[in-house]
Amino acid sequence: MIKIKSSEITPEHVYLSRRKFLQAMGMITGHALLTACRGPGQSTSMPAADVVAPVTSVPHETQGAQVATKAESLPTASAAADELGNALTPLEAIANYTNYYEFSVRKEAVAGLVGDFETSPWSIQVGGLVEKPRRFDLDDLRKFESEERIYRMRCVEAWSMVIPWLGFPLAKLLKVVEPQSNAKYVRFETFYDPNQMPGTKSMSLPWPYVEGLRLDEALHDLTLLATGLYGNPLPVQNGAPARLVVPWKYGFKSIKSIVKIELVEYMPTSLWMASGPNEYGFWANVNPDVPHPRWSQATERLIGENKRRATLLFNGYAEEVAELYPDLDDRQWYY
Ligand SMILES: Nc1nc2c(c(=O)[nH]1)N[C@H]1C(S)=C(S)[C@@H](COP(=O)(O)O)O[C@H]1N2
Ligand SMILES: [Mo]
């Protein structure tokens, strides 16, 4: 097990390092965002198919794949690479190779199935162990100042992307509702309507999609409520109008299209914990040394590259998040 001295991490250190992430120096207001982007965009074990049959073609080579944006909204990001020098994944790939089981288990099919999905009006109910429970509609979400964050996204299936998100730290929203002292975890729930989400009828899973974080993880500055990417509102298939992004954990923690956030005392049971407890646990911190029961996590394929590359501890964010895990043990890597 890799040891990290959390004592080495000072707040200044974290701050200076985080500066490297904030590629966008100018703030982008959320005003243009959160407009519904109308872009086109088995078993209970989520990723088996992709790992058993490794991805050999990049998503934008997929025949018939639609592109998520049109000419009037060309992708923009303030930098061309993440802080480690990894080039941004093209929008075509981000929008056409998506995991969104409510629509399809086929990543290449999701973008073509989201056309009728309504993302406006929308609201997120925030409650549970808070002083000021409230509902945030799209206008409320627009009031949070939006910033760009270029993050690596590492799927448990061992592929990855580099994505320029727009959004704001979830902590800002949680502060508004004032968590009570007995709140220890945060539970997130995705919108669920079988009539709009064909995958929920064909896939027998304990819908709705649910995920959870420990409260300090949810309050960490890296934890984002994302409302856009590449300078535009989120494509529906990427979780419009608002989704979680937790870059040091496997991608399945980054729950899409959130309608409910609850502060709770006990560890919530996620959809994947309920459906595949031997393979998907609560913590899901990226660790190359802890294999999934059915495959190694030592390497990954960055979408667009052919050669596999080494997976980084905490997906490369150890400096920022190791302090959250002073008593690292196997539980916190467990799927
Ligand atoms: N509601 C919901 N959220 C979800 C998923 C899903 O199927 N449904 N898939 C997860 C998985 S496995 C990954 S890797 C990421 C993928 O995000 P992206 O498609 O925007 O790259 O979304 C996560 N969030
Ligand atoms: Mo994933």
**OP:** Give the residues of segment 283-314 that are in a strand (DSSP E or B) and among the aliphatic types (A, V, I, L, M), sorted by residue number.
**Re:** L302, A310
Original post:
What number of residues within segment 141-161 are more than 10 Å from ligand 2 (Cβ to nearest atom) and touching a His at 6+ places or on another chain (Cβ under 7 Å)?
Top reply: 1
Original post:
Looking at (1) open to solvent by less than 10 Å² (accessible area, probe 1.4 Å); (2) away from ligand 1 (no atom under 14 Å from the Cβ); (3) not basic (K, R), which is the one condition that is false for P164?
Top reply: (2)
Subject >> segment 180-229 - residue that is in contact with a Phe, Trp or Tyr (Cβ under 6 Å, 6 or more places away or on another chain) and of a type in the set (S, T, Y) and, of those, nearest to E148 (Cα to Cα) >> reply: T190
Original post:
Consider M267 against the criteria (1) open to solvent by 60 Å² or more (accessible area, probe 1.4 Å); (2) in contact with a Gly (Cβ under 7 Å, 6 or more places away or on another chain); (3) of a type outside the set (G, A, S); (4) in a helix (DSSP H, G or I): it satisfies all of them except one. Which criterion is unmet?
Top reply: (4)
Original post:
Just wondering, is there one or more residues in segment 315-325 that are over 16 Å from P247 (Cα atoms), under 21 Å from the mean Cα position of the chain (by Cα) and outside any loop (DSSP other than H, G, I, E, B)?
Top reply: no
Original post:
Taking segment 207-236 only, how many residues are open to solvent by less than 10 Å² (accessible area, probe 1.4 Å), outside any strand (DSSP E or B) and under 23 Å from S104 (Cβ atoms)?
Top reply: 2
**OP:** Would you check which residues across segment 106-140 are surrounded by fewer than 20 Cβ atoms within 10 Å (Cβ to Cβ) and within 15 Å of ligand 2 (Cβ to nearest atom) and list them?
**Re:** R106, E108
Original post:
Of all the residues that make up segment 79-97, how many are in a loop (DSSP other than H, G, I, E, B), touching an Asp or Glu at 6+ places or on another chain (Cβ under 9 Å) and modelled with pLDDT of 95 or more?
Top reply: 2
Original post:
With V156, V246, V186, V177 as the choices, which residue is surrounded by 24 or more Cβ atoms within 10 Å (Cβ to Cβ) and away from ligand 1 (no atom under 14 Å from the Cβ)?
Top reply: V186
**OP:** Can you run down the residue pairs with Cβ atoms below 6 Å, 6 or more apart or on separate chains, where the first is in segment 119-136 and in a loop (DSSP other than H, G, I, E, B) and the partner is open to solvent by 50 Å² or more (accessible area, probe 1.4 Å)?
**Re:** L129/Q180; L129/N182; E131/E178; K132/E178
Original post:
Given the conditions (1) open to solvent by 10 Å² or more (accessible area, probe 1.4 Å); (2) over 20 Å from G115 (Cα atoms); (3) touching a Gly at 6+ places or on another chain (Cβ under 9 Å), and given that K253 satisfies all but one, which numbered condition is not satisfied?
Top reply: (1)
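The values are calculated or read from the model by the stated rules, or taken from the named source; none is laboratory data. What you are looking at is a predicted structure, and each value in this text was computed from that prediction instead of being measured. Note that each Cβ is placed from the backbone with ideal geometry, even for glycine, and that neighbours are counted across all protein chains shown. In case anyone asks, the SASA skips ligands and DNA or RNA and just uses the protein heavy atoms, side chains included. Shrake-Rupley method; radii C 1.70, N 1.55, O 1.52, S 1.80 Å.
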